[in-house]
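Below is one structure, written out as C-alpha cells; comments come after it.
The values are calculated or read from the model by the stated rules, or taken from the named source; none is laboratory data. Because the structure is a prediction, the values reported are computed rather than measured. Here the Cβ is made from the backbone with ideal geometry for all residues, glycine too, and neighbour counts use every protein chain on show. Calculation scope for accessible area: heavy atoms of the full protein, side chains included, ligands and nucleic acids excluded. Shrake-Rupley method; radii C 1.70, N 1.55, O 1.52, S 1.80 Å.
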Amino acid sequence: NPRHLRWATQVDNESDKLVDGTHNRGERHVKAKLSRDQVRAIRVDERRDGEIAAEHGVSVTLVRLVRAGKCWTWLD
C-alpha cells in the first residue's frame, strides 16, 4: 500500500515499527519461548540457572542471557 511507504533510514523504519505496533520482538516473535512476566520473574529469581531453566522449559543459556541483560533488553 503506497500510503504506508516513505523514504527513510533503517533506524527510522525500526522506530516506526515501535510507534505503529508492528514490531515482532518479545512475545510477538514467532520463536519466543518466554513471556514478559517470565522474563521479569527470571531476573529477580535467586535460584540456580538450571532450576529456573527447568521450570520454564528453556535452556540454561537463555536464562543466563536474560539475567545478563543480553536479551529482552528493552523490557523494564
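Yes or no: region 8-28 includes at least one residue that is surrounded by 12 or more Cβ atoms within 10 Å (Cβ to Cβ), at pLDDT below 95 and of a type in the set (Lys, Arg). So far as region 8-28 goes, yes, one or more of its residues are surrounded by 12 or more Cβ atoms within 10 Å (Cβ to Cβ), at pLDDT below 95 and of a type in the set (Lys, Arg).
Pairs linking a residue in region 46-71 that is over 14 Å from Leu34 (Cβ atoms) to a residue that is part of a loop (DSSP other than H, G, I, E, B), with Cβ atoms under 9 Å and 6 or more positions apart or on different chains, are Glu51/Asp45. Number of residues in region 46-68 that are in a loop (DSSP other than H, G, I, E, B) and either touching a Leu at 6+ places or on another chain (Cβ under 6 Å) or open to solvent by 40 Å² or more (accessible area, probe 1.4 Å) (or both): the value is 5.
Among the residues making up region 29-41, those that are surrounded by 12 or more Cβ atoms within 10 Å (Cβ to Cβ), under 13 Å from the mean Cα position of the chain (by Cα) and either of a type in the set (A, V, I, L, M, F, W, C) or within 22 Å of Ser15 (Cβ to Cβ) (or both) are Ala32, Leu34, Arg36, Val39.
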